[in-house]
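Working notes, beginning with the structure itself.
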Amino acid sequence: PTPAAARPLQPVNAEATVQISAPFPVRALVERMRLNEAFVSSATQWAGYLPENARTAELAQVSATTRLPRGSEDRSSSGGRGNSSGGGIGRDVSGAALSIAGRVWEMAQHPQGCREVQNRIASVSSDEQREALAMELQGHIRDAIKCPHANHVVQKCIVMLRPHAVQFVVDEIARAGLLATARHKYGCRILQRLIEHCSDEQVRPVVNELLLHFQSLCQHQYGNYVVTHLLEHATDKQQAALCMLIRQNVRILGEHPHGCAVLGAALTCDIASLRTDVARTILSEPSLIGIMASMRHGHVAVKNMLRLLEGDDYQAAVDALSTESLCSSRYGRLVAAHLGVSRPSSDSP
């Protein structure tokens, strides 16, 4: 008799035929599904991950049934968009959207699933379909902020959807707490995407509240990224307020490991007056340039500052750095090396 591993599996019907060339794990899985109805009935959560040649007719039917949320057939005539609680898609969506409909939040929480959701959001053919998929995240944004995988899906939605369609993200983050979100390692990324892609009207209250916590954010390992992002993407009025805060707090920022990163961003931003003011203010603060030169983010800011200064200002900065302490720290030595390379030896201290 033919060995069991070499015998063609008997499909449930002709539509579910599995080729004998399929890998053994696929053949074994299909055989188990064919023989065990209970196994098939429990497959509703993972059926969509199977390759096409591993789906029997029953499993495909179960999977298709679970992908369409309850009542989606009734919504198909109105463009396929579910309400805020249902979060589903009707029959008129593309195959890419249909394959994950009803499972977006579940998939978003897993490493492979979040990539699949992002790919499907990018590949569907209309804004309406993307928005329908994104609505399945409604009510889950607080949890997505804390998830190493789901936060990427939220970011993808913000980038791909029309601004008004991600208003629910803005609202849920506001309820979760803007300061806490800005100081979270994943939440800060979501805030940066909102600042980049949402309309001024949508993010104005968000930015205004963030500016109230300026010093706290600048001195935080994740919050400082949100502040530096505002230098590039905030409105002119908000940038003016931010520049004033930076000018008023140069000493405080320069003495802090993360605050130096904000000064570094200010020294390279597109606002010429801010670049000059920050550089000269650092220079006017006793010993501040030396303190900054010994820190990870600070030494980068000092090198950017040296590139900006000219004439007497540059020489004053070099003189302030001409101390033994500069070469006593790892980052200070990088600044010393920069001075030796960037200027002729006759100009060096």
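Computing FRET efficiency as 1/(1 + (r/R0)^6) for R307 and Q221, where r is the C-beta to C-beta distance and R0 is 25 Å, gives about 0.45. Cross-link reach is defined here as a Cα-Cα straight distance under 24 Å, omitting same-chain residues fewer than 8 places apart; for K156 the lysines meeting it are K146, K185. The radius of gyration of the Cα set in the stretch 239-349, together with its Dmax, comes out at 13.0, 42 angstrom.
Measuring with a 1.4 angstrom probe and ignoring ligands and nucleic acids, K185 comes out at about 90 Å² accessible.
Taking the stretch 217-253 and a reference point 7 angstrom along Cα→Cβ of R296, the backbone N atoms nearer than 15 Å belong to 219-225.
Annotation: Cα Rg of the stretch 214-280 relative to the compact-globule expectation 2.2 N^0.38 Å equals 0.96. Here the extension length gained between R115 and D277 equals 53.9 nm, from 0.36 nm per residue of separation less the Cα-Cα distance.
Taking label points 7 Å from Cα along the Cα-to-Cβ direction, R175 and D270 give a separation of 3.5 nm. Taken along the Cα-to-beta-carbon direction at a fixed 7 Å, the label points for E201 and S329 span 4.8 nm. Taking 0.36 nm per residue of separation and subtracting the current Cα-Cα distance, fully stretching the chain between E209 and K185 would add 6.7 nm. Karplus-based coupling profile of the stretch 167-176, in residue order and whole Hz: 4, 5, 5, 4, 5, 6, 5, 4, 6, 6, with θ = phi - 60° in 6.51 cos²θ - 1.76 cosθ + 1.60 and x standing for Gly or Pro.
The values are calculated or read from the model by the stated rules, or taken from the named source; none is laboratory data. In this text the structure is predicted, and so the values were computed from the model without any measurement. All Cβ positions, even for glycine, are placed from backbone atoms using ideal geometry, and neighbour counts span all protein chains on display. Areas reflect the complete protein model, heavy atoms only, side chains present, ligands, DNA and RNA absent. Shrake-Rupley method; radii C 1.70, N 1.55, O 1.52, S 1.80 Å.
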